[in-house]
Every structure is written in C-alpha cells, then in structure tokens.
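To keep things clear, I will list the structure first and then write my remarks on it.
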Amino acid sequence: EGYEPFVSDPLPRDFSGVLDVVLHRPDLSKAVRGVVLRPDGRPAIGAEVALLTPGNRKYLGRARFAHREVKDKLITNADGEGRFQFEKDPDSDSAHTAIAVSESGFARVSLRQLTEPLTIQLEPWGRVEGTTDTSARQRPVDSLHMQFQGPPGSPGTLQLSSDFRVRSLQGDDFAFEFVPPGDFYVVLDAGAGVPYPQHHRTWLTVRAGETTRILIAERGQRLTG
C-alpha cells in the first residue's frame, strides 16, 4: 500500500534466477484531487465524490451514492475544508467523469483533460412533481420510477437508484426530491407477470434549483396487432 503496482516485462518459460522489483510511490500531482464547494461558495464538508470509469457505474440515491461498498476506492468524502483526493491506481487513472453530491447540491465534471486540481461547484438540487392522469391507468399501475435518458444500466454511467421509485402507487400525485440537473424519463410499471409491463413513458428535463411539473397521460391512439 502506498506504491504504484509493478508489472514486469514478459518472462521466458525457462526463467530462473533473481527478479528485481522496484516499487515507486505514486506521483500525487497526477491523481484526481481538488475541492468541492457548495452553491454559495463555502466548502462542501463531507460531500461524496465518485469516479466513473468505462467499466464502473454508480447509483444515485437521495443526496448520496447508493450501494456504496466500504472498500470502494472510487468514492471518497471531502474533508473539513472541502478537499478530496483519490489514490492513484489503474482504476482511478481510467476515470472519465467525477460526480460530487451532498445535501446542498450536485455536480458532474469531465476528466478528459485533467491537468490541475479540480474545483467542483455544486448546483442546487431540482425537484419533480407529477400527476398520473386517469387516462394512463387504463393499464395496471403497480409502481412508477424515474431514470436518466440513455441506455439503461450502461457501464460507466450514473444511474438513479430505487430511491426514485414509487411503489404501490395509490394516489394520482407523486414527487421526487434531490433530483440532479439533466434529461430523464418517468414510466409506469404494471408489475411482474404482465406482458410489456412498462407503459406511458414521459420525458422531462430538470434544471438546477427548479421544480419540473409533468403530467402522465394518454396522448394518442393505441395500436394492437
């Protein structure tokens, strides 16, 4: 621990003798590091910062990362001054995006051309308020959930966790707090055992610090065949 991994040149099948292994401490000037600031410019103490890599996705809960494992080296917390730093290893070296979250806001930063420490300024969370019209209940409705637009579950992306699902939807109205800025969809789910359970997918855009209102309703003729 505290040294970069060592990988030797290919060894001949009949190799014998002494192999000298020299370990080097990582160059922390090239590690992903920086400071997280609240929307008002103050340090975001305790903010969670996660790295997205080509083979690693993260799940966003209510102002936190869901399913966080204790030994996950791709998530860290900002200190008392809002500063953070990741260990330099092959996983963090392949990261393409940094995501920062706290109760005060959300931020997404590209790492494609990272040369200096990051200054991540959080944006206020958005909110979604919606109504399910009676016309959308022509099919059964067991639950409702929201997700980012794009291929579901793709590696290297940020996905919304089950915190953005309303189960046993009883009334017509629903709301989601701590929504990051971006493009999403909300869809109704008829539940297990129903063919093609998802229906009435509705697209929406959330802006920082604003409330987005949507209506889930039948918007045309249904074709069957």
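The values are calculated or read from the model by the stated rules, or taken from the named source; none is laboratory data. Nothing here was measured: the structure is a model prediction, and the numbers come from that model. Cβ placement follows ideal geometry from the backbone for every residue including glycine, while neighbour counts extend to all protein chains displayed. Side chains are part of the model used for accessible areas, which takes the heavy atoms of the whole protein and leaves out ligands, DNA and RNA. Shrake-Rupley method; radii C 1.70, N 1.55, O 1.52, S 1.80 Å.
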- Rank PRO117, PRO90, PRO180 by mean-square fluctuation in a GNM of the chain with C-alpha springs under 10 angstrom and give only the top-ranked residue. PRO90
- Rounded accessible area per residue of the chain, 1.4 Å, Å²: 60
- Task: Summarise the long-distance tail of P(r) for the chain by giving the % of C-alpha pairs beyond 26 Å.
- Result: 49
- Roughly what % antiparallel, to the nearest 5, for the DSSP beta bridges in the chain? 75
- Note on the structure: Ranking TYR185, TYR3 from most to least accessible area with a 1.4 Å probe gives TYR3, TYR185
- For segment 12-146, max minus min Cα coordinate along each principal axis, in Å, sorted largest first? 78, 44, 28
- Message: Can you compute the FRET efficiency between VAL18 and ASP89 using 1/(1 + (r/R0)^6), with r the Cβ-Cβ distance and R0 = 25 Å? Round to the nearest 0.05.
- Response: 0.40
- Query: With every protein chain present, what accessible area does GLU129 have (1.4 Å probe, heavy atoms only), rounded to the nearest 10 Å²?
  - Reply: 50
- Query: Which peptide among 34-40, 16-22 comes first, and what is the full order, when sorted by highest mean count of other Cβ atoms within 10 Å?
  - Reply: 34-40, 16-22
- Return the calculated 222 nm mean residue ellipticity for the chain, to the nearest 500 deg cm²/dmol, obtained by summing -39500 (n - 2.57) across DSSP H runs with n ≥ 4 and dividing by the residue count. -500 deg cm²/dmol
- GNM on the chain, Cα springs under 10 Å; top mean-square fluctuation among ILE214, ILE99, ILE120 goes to ILE214
- Message: Taking 0.36 nm per residue of sequence separation and subtracting the Cα-Cα distance, how much length would be gained by fully extending the chain between ASP133 and THR119, in nm to one decimal?
- Response: 0.7 nm
- Query: Quick one: Cα centre-to-centre distance for segment 1-67 and segment 111-158, in angstrom?
  - Reply: 26
- Query: Using the Karplus equation 6.51 cos²θ - 1.76 cosθ + 1.60 (θ = phi - 60°), what ³J(HN,Hα) coupling, rounded to whole Hz, does each residue of segment 202-215 give in order, writing x for Gly and Pro?
  - Reply: 10, 8, 7, 10, 10, 10, 4, x, 10, 9, 9, 10, 9, 10
- May I ask which residue of ALA95, ALA217, GLY191 lies farthest towards the positive end of the charge dipole of segment 76-225, with charges of +1 (Lys, Arg) and -1 (Asp, Glu) on Cβ and the Cα centre as origin? ALA217
